[in-house]
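To start, the structure under review is shown below, and the notes come after it.
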Amino acid sequence: MNPEEIVVLPELKAYIDPLTPDEHDALERSILDEGCRDALVLWGNVLVDGHNRFGICQKHGLPFKTIQNERFQNMEDIHLWMIDQHLGRRSVSDFQRGVLALRKREIIAERRAAAAAAVNAAKAESSAEAPWDGDTDPAVAQALANTPKVPDQALDTREALARAARLSAGQVKMIETIQEKAAPEVVAAVKAGELSLNAAAVVASLPVEEQQAVAAEGAESLKQAAKRVREAKKKPKADKPAATEDAQDAAPPASAEELQARVAELEAENERLRLQVKTLQELLAEQA
């Protein structure tokens, strides 16, 4: 295909996080040395996979191959395919894989909801018509045929997401927290590899304004903020025994009468236990 005929959609180019400058330079050197070995994937004239390779080839006037993927029916199909491709690549970071798995879950959930709504509507419409022959309601079958295909993977549990993203369930939980609560500046630090998932999830528990203020001071400040939050969570537990000791020290000593009453209670309890032991011994002797 003529390079001028290829359409680059900004939404597809930006759907996956871009390569870092170092990764892009390494790819460029590889293509200059060995040529563009992998074919670009197209849907009609739309470029689906290979945006970096296409740009490098255009820059240096290098040839490239293309291949059509005719299974795509809509843009969501392309998104799912792009997600699956990048989930399997080693160069994708843990955070990126987690984000992609969460995106896939959203698409699947939307498709399941759309399919369920279409089936319910078809059943309601066909109920007023004459009964059909066979096991499958033709109206329901037609409704399902007209809705986007639902992937077999539900990804409706954290464990399923972890398997899809090759992460632990704990890492997926951290990524969910970062996605829901972290300020954009904190997310950027994670993407740049300046902040770990654990530290970012801890920092995300702070108010957004505080996160942004700390992030403005750099990655080291974010790490120190995470450390302070962890220590603050541990401190109440560490202070609890001391508080208990203080309470005991402050309590007034028991009076002689109270001590005598307590001794009497313990002696009565001991006598009850002695009687129980004696009774058991007598029963054992009879059985013998």
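Counted by Cβ distance under 12 Å from Ala189, the other residues give a net charge of -2, where Lys and Arg count +1 and Asp and Glu count -1. Dipole size of the range 63-193 about its Cα centre, with +1 on Lys/Arg Cβ and -1 on Asp/Glu Cβ: approximately 920 debye, rounded to the nearest 20.
In this rough spin-label picture, where each label sits 7 Å from Cα along the Cβ direction, the Ala145-Ala160 distance is 2.8 nm. Here's the picture: a label point sits 7 Å out from the Cα of Lys65 along the beta-carbon direction, and within the range 28-42 the residues with their amide nitrogen under 12 Å of it are 36-41.
Going by Cα centres, the range 156-190 and the range 200-216 are how many Å apart? Each part's Cα centre sits 16 Å from the other's.
Karplus-based coupling profile of the range 59-73, in residue order and whole Hz: 4, 9, x, 9, x, 8, 9, 10, 9, 8, 9, 8, 7, 5, 10, with θ = phi - 60° in 6.51 cos²θ - 1.76 cosθ + 1.60 and x standing for Gly or Pro.
Taking the inverse of the average 1/r across all pairs of different Cα atoms in the range 1-88, what Kirkwood radius in Å do you get? It is 13.6 Å. Working ranking of peptides 188-194, 77-83 by packing, defined as the average number of other Cβ atoms within 10 Å per residue, highest first, is 77-83, 188-194.
Charges only on Cβ, +1 for Lys and Arg, -1 for Asp and Glu: so what's the dipole of the range 1-80 about the Cα centre, in debye to the nearest 20?
Approximately 220 debye in magnitude.
Do any of Lys13/Lys173; Lys173/Lys233; Lys173/Lys223; Lys181/Lys233 go past 21 Å between their Cα atoms, and which? Going by Cα-Cα distance, Lys13/Lys173 fall outside the 21 Å limit.
Between Asn2 and Gln73, the distance separating the two model label sites (each 7 Å from Cα on the Cα→Cβ line) works out to 3.3 nm.
Applying Stokes-Einstein at 10 °C and 1.306 mPa s to the Kirkwood radius of the range 1-149, computed over alpha-carbon pairs, gives a translational diffusion coefficient of 87 µm² s⁻¹. Between Ser168 and Glu11, the FRET efficiency estimated from the beta carbon spacing at R0 = 41 angstrom works out to 0.85.
With all protein chains in place and ligands, DNA and RNA left out, the 1.4 Å accessible area ranks Asp17, Asp84, Asp49 as Asp84, Asp17, Asp49, largest first.
Each residue was assigned an accessible area with a 1.4 Å probe, and for Ser30 the value is about 40 Å².
The values are calculated or read from the model by the stated rules, or taken from the named source; none is laboratory data. Bear in mind the structure is a predicted one, so any value in this text is a computation, not a measurement. Backbone-built Cβ (ideal geometry, glycine too); neighbour counts: all protein chains shown. Heavy atoms of the whole protein, side chains included, go into the accessibility calculation; ligands, DNA and RNA do not. Shrake-Rupley method; radii C 1.70, N 1.55, O 1.52, S 1.80 Å.
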